[in-house]
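First the structure, in the form of structure tokens, and then the observations on it.
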Amino acid sequence: MSTAQAPISSGFSRASTTIDIIKGVDLVGKVGIITGGYSGLGLETARTLVSAGARIIVPARDVERARKVIAEAGGGMEVQSMDLTDPVSIDSFARDFVETGLPLHFLINNAGIMALPELKHDAHGNELQFATNHLGHFRLTLRLWPALKRAGGARVVSVSSAGHRFSPVVFDDINFERRDYDPFKAYGQSKTANILFAVSLDRRGKDAGIRAFALHPGGIAGTNLGAHVGVEMLQKTGFVDESGRPVIDLARDLKSVPQGAATHVWCAVSPQLDGKGGVFCADSDITPILPEGGSSDLTEDRTNRGTGVEAYAIDPDAADELWRRSEELTGISDQS
């Protein structure tokens, strides 16, 4: 198991915000792409990076809606058309970017869906959470590979979750064909895939200067990720109060949007991570590995919210198997 998966005493904490992370960082001349960069954590991340001088491109299925939201938030980001569930759309977006000749200094794979109440599939028969949260980003990353190499030092950041503890990737039944569908196990499987992807991607990319990270942002109610969960469940788990307002309680890992996006920004640009990669982060630091056989359940009242990573989510053999299966499912066989 990777010895790199250990805290580095970054000096930041669960209370740190995007403003704390970006202080003193100059991103003039840097270019980034952020999926889901027009709402919630993605929007906060995009605004923060733009404030430091970066050029940020936000792919969106509904371009006009995204542009309106970004304009209302102060603008500064470019919006281009892309549907993360449509391979043709992903290929078109990535091809257009690569053909500009621009370097891509950071790719933040932030968009995602959570806990769909019913089993749904994409057009190719893949379970929709796995397809959206992992396969779409796998395809996008590999299609953008020439631009990432061109940067001469790039980072790919995959937004995972402590919810990876709900399930490993079940390789013999990814699409719930032989087991009962469970919304949170499907979500957990996709979030584990995000971490394993970072492990494999980092190993394959580091000689080209491409490093990869995965992260848990914390529990944040002020985003669209919980759209399928419902207010009753959000209240039961303490994300919102009786009036439906987001709860901030750092002791239970319940954060504001700027606190939640801090780790996005830290993984993307912090010099503290120079020379590192293939690790899972939270609270703007690298997390420890959870003890084998320890209690890793995510309780409904959020009393057990340690931010460590399950050993199965950083296992190199599982990472290689995920990469192989992802190549099969997407039809992409290399990073060219």
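Observations on the model:
- With a Förster radius of 51 Å applied to the C-beta separation of T3 and A71, the computed FRET efficiency comes to 0.65.
- Lysines with Cα under 29 Å of K23, excluding same-chain neighbours fewer than 8 positions away: K68, K149, K206, K255, K276
- For A154, distant residues with modelled amide H under 5 Å away: I210, R211
- Among (i) 1.53; (ii) 1.09; (iii) 0.93, the entry derived from the coordinates for Rg/Rh (Cα atoms, Kirkwood Rh): (iii)
- 5 angstrom amide H check on A60, placed H, neighbours 5+ away: Q80, S81, M82
- Within the chain, the longest run free of GluC sites (Glu not before Pro) that sit in a DSSP loop with at most 14 other Cβ atoms within 10 Å is 1-117.
- Contact order for segment 18-329, expressed relative to its length and based on alpha carbon pairs under 8 Å spaced 6+ residues apart, stands at 19 percent.
- 3J(HN,Hα) couplings calculated from phi for segment 148-156 with the Karplus curve 6.51 cos²θ - 1.76 cosθ + 1.60 (θ = phi - 60°) are, in sequence order, 5, 4, 4, 5, x, x, 10, 10, 10 Hz; Gly and Pro show x.
- Estimated FRET transfer efficiency when R0 is 35 angstrom, pair A251-K23 (beta carbons, to 0.05): 0.85
- Within segment 1-130, percent of DSSP bridges classed antiparallel, to nearest 5: 10 percent
- When both bridge partners sit in the chain, DSSP labels roughly 15% of those beta bridges antiparallel.
- Whole-Hz Karplus values for segment 75-92 come out as x, x, 10, 9, 10, 10, 6, 6, 10, 5, 9, 10, x, 5, 5, 4, 4, 5 Hz, taken residue by residue from phi with 6.51 cos²θ - 1.76 cosθ + 1.60 and θ = phi - 60°; glycine and proline positions read x.
Values quoted throughout were computed directly from the atomic coordinates according to the rules given, and no laboratory measurement underlies them. Being a predicted model, the structure only gives us computed values, none of them experimental. All Cβ positions, even for glycine, are placed from backbone atoms using ideal geometry, and neighbour counts span all protein chains on display.
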